[in-house]
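Undergrad: Here's a structure for you.
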């Protein structure tokens, strides 16, 4: 082959490559990245767990040879060997979707709460319980005492091919998203069983709130294969932590829930050999993590009692090219074109994907990336406005969740939060939040019929909750502690981020922060005294020059 | 009684004065940077320089206190009203009329009365205020338990700031007074060479010429 032919061949190959890339790109664009929950995210390259020390190879197990035709059949096989796993897992919030906070007396969990994204999973389990670790929860009839209903593989599938679809049929406007899937190869999935990796947990936790990165801002699909800059611990080329490296597991119940956090861990690494079932930074790094042989390290360690590690070490969130929602307006929902719902995608996020800024089923959204958190004192206790909380809407806004904490409380530290703003429906007579009936193939489901009045009435009725029949919209805020996307130390905030006028901690009360313009009145007084002194000296010098003795000639000395 | 050039600022005193001057300048510059008055240094650099300079100055003070006590030079700073008002009158308007400075340095009284009183207040009030508050500031995590540190730290910080401001005013006036009662260089030179014109009693002169010949010219 002469050189001309070789060049021609190279050009042809190059063009083919470009064409194929364009096709791949086009097919990627065709899926909806706002609705890509777990089910739409078959992971091409599952992350590897570098810390697995299993003594079993599940592909060799007779019990897992199959054939299996359904999830529960696989679960039964799992439970033959893992005899206690079922009962143990039933204590887990991933199964119960319920959390009794003994300190505040509130009953929390997805089974009960109203949030300011899609608002409520209660009554919409047919859709929302795709992220329940069970099979088939679509209404009140789901049996929480049957361990065969546990979905083992959603967490333990290591092929990356497992997916879930809604447990009940929705309106055709929504159902279309879930069509055209390859059937699950249950035997392959079951035999792949291993410890959960990031894409397992992330299958739901990266997509909370209805899409990639929507809810948390510090959890999104960019953490499946993050680099060091994005997360120093999960860095796929480096430490490559799985979620459970920090969220340590004991009998299928694991540490670290935002419902009840340890805002100030003074337990540190514990005694030698002591097991600490907490997900805090301190449980590995201790409570004096900076190099105390240097002045800088000593000063930084002096901050540990008042400043959460996350405050400096997560300089911004939503850093991985995936945007998070910051603002949601339900009031604009329900517009149709030719009788059909539609979407507008006017936000392009860092990784090039387009995000919906309007959806008929949900309203209007705003997004953000590389966001500076909201900072405040936090004692670890989240307090929720629940469905039965009566509030005073005349304040102008409702906190879906709020938190306590102050400088006077040794258990509090200054923490970073994502703050979500939404305008959502409420019962304007009873002054309560409302459950909406969003999902369903019926004439009352909001998704498909676009009628708030019917959706709220049905949502409240299904749960025997009082509803006045009159709704309006109210501004709500929710607060999400930021704790993932920990940057490498060289990217941590510098001192000047806070020790300056109008810095990051502007407005955080009860603490004296040198350099924050803490004593403006004193500074003004000092400046005036200084000016008076200098003026006095100037006046004195002038009088001396005019009236004082003239310099003598040197000869007269 | 004769006026001679006598060594009144010995080597250590000069070293103390100029080192202290440099450290105080550095502390002023870094300290007001930390306070937010200027942005010429990063906070981290300013903290490091300020802490190191402060520790160095405290070591110097320990030596200076020891020196004052063992050499007896502390007596130069004893307050007196003798000649006090004559000097104040001179600073107020006598210097305008070209009068001669009323104070004559004595061998065991090298500062004029208001000068000695000012230095004494510097040593007994402003310096202790700045180093006690500064040490408290530096070590607040050791004593300010979480929960109350914020309020206590603010008090410490304000005291530290006020003391620093008082020292700044001292420095400004100290420098301006160099220009009164003769050329600036005449006032600065003794703190460099150690020698200044002093009125000596015949016994002092004889003693110096016999036992300290290097201390008299």
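Here, each number is a calculation from the coordinates, and none is a lab measurement. As the structure is a computational prediction, the values presented were derived from the model and not from experiment. In this analysis, Cβ positions are derived from the backbone assuming ideal geometry, glycine residues included, and neighbour counts consider all displayed protein chains.
Undergrad: What does the C-alpha gyration tensor say about the overall shape of region A:223-312? Classify as rounded when a/c is under 1.5, otherwise prolate if a/b is larger than b/c, or oblate.
TA: Values: a/c = 1.78, a/b = 1.20, b/c = 1.49.
It comes out oblate by the Cα gyration axes.
Undergrad: Rg over Rh of the protein assembly as shown, using C-alpha atoms and the Kirkwood radius, what does it come to? If you can, show how the numbers build up before the last one.
TA: Details: Rg = 37.7 Å, Rh = 32.4 Å.
When Rh is taken as the Kirkwood radius, the ratio is 1.17.
Undergrad: Run the quick spin-label model on residue A:144 and residue A:61: label points 7 Å from Cα toward the beta carbon, then report their separation in nm to one decimal.
TA: 2.7
Undergrad: Please work out the C-alpha center-to-center distance from region A:378-417 to region A:327-366 and express it in whole Å.
TA: First find each Cα centre; the distance between them is then 30 Å.
Undergrad: Treat each spin label as a single point 7 Å out from the Cα along the C-beta direction, and report the residue B:40 to residue A:354 distance in nm.
TA: My value for the distance between the label points is 5.5 nm.
Undergrad: Given 0.36 nm per residue, what is the gain on full extension from residue A:169 to residue A:187 after removing their alpha carbon distance, in nm? Walk me through the intermediate numbers first.
TA: Numbers: separation 18, 0.36 × 18 = 6.48 nm, distance 2.64 nm.
Length difference between fully extended and current span is 3.8 nm.
Undergrad: Quickly estimate the mean residue ellipticity at 222 nm for the protein assembly as shown, helices only: each DSSP H run with n ≥ 4 gives -39500 (n - 2.57), and the total goes over all residues, rounded to 500. Mind dumping the intermediate values first?
TA: Details: 25 runs with 268 residues, N = 774.
Helix contribution divided over all residues of the protein assembly as shown: -10500 deg cm²/dmol.
Undergrad: Arranged by the count of other C-beta atoms within 10 angstrom, fewest first, what order do A:128, A:201 take?
TA: Details: A:128 23, A:201 20.
In order of increasing Cβ crowding within 10 Å: A:201, A:128.
Undergrad: Please work out the FRET efficiency for the pair residue B:121 and residue A:266, using the Cβ-Cβ distance as r and a Förster radius of 41 Å; give the result to the nearest 0.05. Let's see the in-between values first.
TA: Details: r = 45 Å, r/R0 = 1.09.
Here the calculated transfer efficiency is 0.35.
Undergrad: OK, next. Which FRET efficiency value, to the nearest 0.05, is calculated for residue A:451 and residue A:428 with the Förster distance at 22 angstrom and r the Cβ-Cβ distance? Don't skip to the answer; put the middle values down first.
TA: Numbers: r = 17 Å, r/R0 = 0.78.
Result of the calculation: an efficiency of 0.80.
Undergrad: Further question on the same structure: Figure the gain on full extension for residue A:524 and residue A:374 (residue separation times 0.36 nm, minus the Cα-Cα span) and round it to one decimal in nm. Each step should come with its number before you reach the end.
TA: Working: separation 150, 0.36 × 150 = 54.00 nm, distance 2.99 nm.
51.0 nm is the gain from fully extending residue A:524 to residue A:374.
Undergrad: Can you give me the distance in nm between label points at residue A:292 and residue A:491, each placed 7 Å from the Cα along the Cα-to-Cβ direction?
TA: According to this spin-label approximation, the distance is 2.9 nm.
Undergrad: Separate question: Could you work out the relative contact order of region B:78-146? I mean the mean sequence separation of Cα pairs under 8 Å and 6+ apart, divided by the number of residues, in percent. Don't jump to the answer; show the numbers that get you there.
TA: On the way: 33 pairs, mean separation 24.3, N = 69.
Computed over region B:78-146, the figure is 35 percent.
Undergrad: By its C-alpha gyration tensor, with a ≥ b ≥ c as the square roots of the eigenvalues, how is region A:325-497 shaped: rounded for a/c under 1.5, else prolate for a/b larger than b/c, else oblate? Can you show the working numbers first?
TA: Numbers: a/c = 2.89, a/b = 1.38, b/c = 2.09.
Judged from the Cα gyration tensor, region A:325-497 comes out oblate (a/c at least 1.5, b/c at or above a/b).
Undergrad: If one takes the longest principal axis of the Cα atoms in chain B, at what angle in degrees, from 0 to 90 and to the nearest 10, does the Cα axis of helix B:202-211 lie?
TA: Around 70 degrees separate the two axes.
Undergrad: Which FRET efficiency value, to the nearest 0.05, do you get for residue A:340 and residue A:285 by plugging their Cβ-Cβ distance into 1/(1 + (r/R0)^6) with R0 = 60 Å? Could you put the intermediate results ahead of the total?
TA: On the way: r = 53 Å, r/R0 = 0.89.
About 0.65, to the nearest 0.05.
Undergrad: In the P(r) worked out for region B:2-215, what percent of Cα pairs fall beyond 29 Å? Let's see the in-between values first.
TA: Details: 8410 of 22791 pairs.
For region B:2-215, the share of Cα pairs beyond 29 Å comes to 37 percent.
Undergrad: For region A:457-557, what's the relative contact order in percent, using C-alpha pairs closer than 8 Å and at least 6 residues apart? List each step's numbers first, then the result.
TA: Values: 28 pairs, mean separation 11.7, N = 101.
In percent, rounded to a whole number, it is 12.
Undergrad: Using just the C-alpha positions of region A:299-366 as equal point scatterers, what log10 of I(q)/I(0) does the Debye formula give at each q in 0.16, 0.28, 0.29 1/Å?
TA: Values, matching the q order: -0.67, -1.15, -1.18.
Undergrad: Considering Cα pairs under 8 angstrom that are at least six residues apart, work out the relative contact order of chain A and quote it in whole percent.
TA: Values: 1021 pairs, mean separation 79.2, N = 557.
It rounds to 14 percent for chain A.
Undergrad: Calculate how steeply helix A:452-461 sits against the longest principal axis of the alpha-carbon atoms of chain A, using the helix alpha-carbon long axis, and give the answer as 0 to 90 degrees to the nearest 10.
TA: The helix A:452-461 is inclined about 70 degrees to chain A.
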